[in-house]
Amino acid sequence: MSEIDLGDLMRISVVGGGYVGLVSAACFAQLGHSVDIIEIDEAKAEAINSGSPPIYEKGLEELLSRHAGCNLRAYTDYDNVRDTDLSIICVGTPPGPDGGADLSMVEKASRSLGEALREEGGYHVVAVKSTVPPGTTENLVMPTVLKHSGGAGDRIGFAMNPEFLREGLAVQDFMHPDRIVIGSLEPKAGDIVESLYAGLNAPVVRVGLSAAEMIKYASNALLATKISFSNEVGNICKKLGIDVYEVMRGVGMDHRISPHFLNAGAGFGGSCFPKDVTAMIRLGEKLGEDPVLLKSVIEVNERQPLRLVELLEERIGPLAGKEVAVLGLAFKNDTDDVRDSRALPVIKELLRRGALVRAYDPMAASNMRKIVPDIDYCERAAGALKDADGCLIMTEWPEFGELDREFDAMRSRVIIEGRKILSCRGGEGICW
Ligand SMILES: NC(=O)c1ccc[n+]([C@@H]2O[C@H](COP(=O)([O-])OP(=O)(O)OC[C@H]3O[C@@H](n4cnc5c(N)ncnc54)[C@H](O)[C@@H]3O)[C@@H](O)[C@H]2O)c1
């Protein structure tokens, strides 16, 4: 029998205090568990302990102010791991040089966990929440933890518990998930992970380790496919003078399809879809498959932002020397995350064509400035729009929907929407 009584509140170590780790940790604390975050970035750990989240996520600051210093603490070392019941790996899995998942951070975290669990202690579960290719928990995490813990196989269990939260709605998604997926080799480790979520009302899907890993990849790949599909239909609609949003409203009412992720526009960005679809392509190729559908999903997504620039040039002529306002830098609204934002290829292409770019985002400008330092960043949309020859809308921030008179200050009121958000006259959609 496990020494952990199922249903009891647990002591958890969350490894990595980024978007997923910090939100999960704060929500587990809200569910009553005692949570240690292990975050190697000292500044992040300090910010968490002082109750101010290093990232923006709605509701997170409130959770941190309630729990930081009480049942939520951040550390930069693994010293307390052996006193906890469960460790959850939430470190990044960025794309490697060939587009496959770079698992070096997962391996390093596994090694540190193994070393921390070397001394005798009670039963401990190591769960992987990072998005990892099928086989990773069993073939990388397990052997690494066991090797560095001195082979304590009978007192360490393993599980895979993928995360489906959306940035911008992360706290809400975590507390109200559509389902909780738990993969394990043995029921005991899975039962302990399941009991963590006892306070939530969601169906639990119990599968093997690799199936849990694949559920996450397949979910992201299907969502990305819906977006690229809508964009392809939208590009055809545009040529025919049809509003793709009217079309997809009719399409999405079919319960077999659902209305979600059918919004045509500039394509998908963020830290997950592009990297996870690409990782799945590489995985398929390694296995001798040619994932043509997934390759096309990426190809449509890469072309889409460039179509925006081409449409702008069709409307205002060659872009060299033209002043272009880019509204929206975050990959989606309600986040400051610019990873793989569609604004990035757009800005690069504008600069390549000689345009002068003035950008505005209510939250993400400082993150974008780290990647693209050499454009003008404005404090307000109005500043970016004044005397601009054209405007591109790249993020569906609700405040852009309120803009109208601000566009009158442009040299010419040419507004191309990569996201459908405007309610005023004069906007033209990339594919509507
Ligand atoms: N961001 C999302 O919306 C989202 C959603 C679902 C799943 N995921 C997946 O979750 C994982 C984490 O994503 P993220 O967006 O939170 O990444 P992130 O980069 O925001 O956070 C990762 C954190 O881990 C820390 N870290 C790295 N190595 C460490 C180590 N050895 N010990 C302790 N801390 C360490 C980093 O400093 C960083 O703060 C990825 O696999 C991602 O694909 C992300």
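The values are calculated or read from the model by the stated rules, or taken from the named source; none is laboratory data. As the structure is a prediction and not an experimental result, all values here were calculated from the model. Positions of Cβ are backbone-derived with ideal geometry, glycine not excepted, and every protein chain shown enters the neighbour counts. Each accessible area value is taken on the protein alone, full model and side chains, heavy atoms only, with ligands, DNA and RNA left out. Shrake-Rupley method; radii C 1.70, N 1.55, O 1.52, S 1.80 Å.
Which condition breaks for Leu72 when tested against (1) within 15 Å of the ligand (Cβ to nearest atom); (2) buried (at least 18 other Cβ atoms within 10 Å of the Cβ); (3) not acidic (Asp, Glu)?
(1)
Which of the numbered conditions does Ala47 fail, given that it passes all the others? Conditions: (1) within 20 Å of Asp337 (Cβ to Cβ); (2) surrounded by 24 or more Cβ atoms within 10 Å (Cβ to Cβ).
(2)
Which one of the conditions (1) open to solvent by less than 40 Å² (accessible area, probe 1.4 Å); (2) assigned to a helix (DSSP H, G or I); (3) in contact (Cβ under 8 Å) with a residue 12 or more places away in the chain; (4) of a type in the set (A, V, I, L, M, F, W, C) does Val14 fail to meet, given that it meets all the rest?
(2)
What is the one condition in (1) open to solvent by less than 40 Å² (accessible area, probe 1.4 Å); (2) under 20 Å from Glu213 (Cα atoms); (3) within 11 Å of the ligand (Cβ to nearest atom) that Gly100 does not satisfy?
All conditions pass for Gly100, except number (3).
Name the one entry in Leu312, Leu319, Leu293, Leu327 that is of a type outside the set (D, E, K, R), at pLDDT 95 or above, open to solvent by 10 Å² or more (accessible area, probe 1.4 Å) and at negative phi.
Selected residue: Leu293, the only one of Leu312, Leu319, Leu293, Leu327 that is of a type outside the set (D, E, K, R), at pLDDT 95 or above, open to solvent by 10 Å² or more (accessible area, probe 1.4 Å) and at negative phi.
Please determine whether any residue of the range 19-38 is open to solvent by 10 Å² or more (accessible area, probe 1.4 Å), within 15 Å of the ligand (Cβ to nearest atom) and small (Gly, Ala, Ser).
no
Residues of the range 150-167 being among the acidic types (Asp, Glu) and in a helix (DSSP H, G or I), which ones? Give the steps one after another, and end with the answer.
Taking the range 150-167 first, the residues among the acidic types (Asp, Glu) are 154, 163, 167.
Answer for the range 150-167, where residues must be among the acidic types (Asp, Glu) and in a helix (DSSP H, G or I): just Asp154.
Restricting the search to the range 114-139, which residues are within 12 Å of the ligand (Cβ to nearest atom) and under 23 Å from Val181 (Cα atoms)?
Passing the criteria: Val128, Lys129, Ser130, Thr131, Val132, Pro133, Thr136.
Is there any pair linking a residue in the range 63-82 that is aromatic (Phe, Trp, Tyr) to one that is part of a helix (DSSP H, G or I) and open to solvent by less than 60 Å² (accessible area, probe 1.4 Å), with Cβ under 6 Å and at least six apart or on different chains, and which?
Tyr78/Ser112; Tyr78/Ala116
Select from the range 388-409 the residues that are open to solvent by less than 10 Å² (accessible area, probe 1.4 Å) and touching an Asp or Glu at 6+ places or on another chain (Cβ under 7 Å) and list them in ascending order.
Once the filter is applied, which keeps residues that are open to solvent by less than 10 Å² (accessible area, probe 1.4 Å) and touching an Asp or Glu at 6+ places or on another chain (Cβ under 7 Å), the range 388-409 yields Ala388, Ile393, Thr395.
Determine whether Cys424 is surrounded by 14 or more Cβ atoms within 10 Å (Cβ to Cβ), closer than 25 Å to Arg249 by Cα and either touching a Cys at 6+ places or on another chain (Cβ under 6 Å) or not aromatic (Phe, Trp, Tyr) (or both). Show your work before the answer.
On the way: surrounded by 14 or more Cβ atoms within 10 Å (Cβ to Cβ): yes; closer than 25 Å to Arg249 by Cα: yes; either touching a Cys at 6+ places or on another chain (Cβ under 6 Å) or not aromatic (Phe, Trp, Tyr) (or both): yes.
Spelling it out, Cys424 is indeed surrounded by 14 or more Cβ atoms within 10 Å (Cβ to Cβ), closer than 25 Å to Arg249 by Cα and either touching a Cys at 6+ places or on another chain (Cβ under 6 Å) or not aromatic (Phe, Trp, Tyr) (or both).
Show me the helices (runs of 4 or more DSSP H) found entirely inside the range 205-293 where at least 2 residues are within 28 Å of Asn161 (Cα to Cα), aliphatic (A, V, I, L, M) and under 22 Å from the mean Cα position of the chain (by Cα).
Filter on the range 205-293 gives 209-240, 273-286.
All but one of (1) free of Cβ contacts under 8 Å to residues at least 40 places away in the same chain; (2) more than 23 Å from Gly59 (Cα to Cα); (3) outside any strand (DSSP E or B); (4) not basic (Lys, Arg) hold for Asp340; which doesn't?
Exception for Asp340: condition (1).
Return the residue satisfying two criteria in turn: it lies in the range 168-183 and is closer than 17 Å to Thr131 by Cα and not in a loop (DSSP other than H, G, I, E, B), and of such residues it is nearest to the ligand (Cβ to nearest atom).
Out of the qualifying residues, it is Ala170.
Give the residue, chosen from Ser52, Ser87, that is among the hydroxyl-bearing types (Ser, Thr, Tyr), under 22 Å from Ser110 (Cβ atoms) and more than 10 Å from the ligand (Cβ to nearest atom).
None of the other options fit; the residue is Ser87.
Go through the residues of the range 158-165 one by one and say whether even a single one is open to solvent by 10 Å² or more (accessible area, probe 1.4 Å) and more than 12 Å from the ligand (Cβ to nearest atom).
yes
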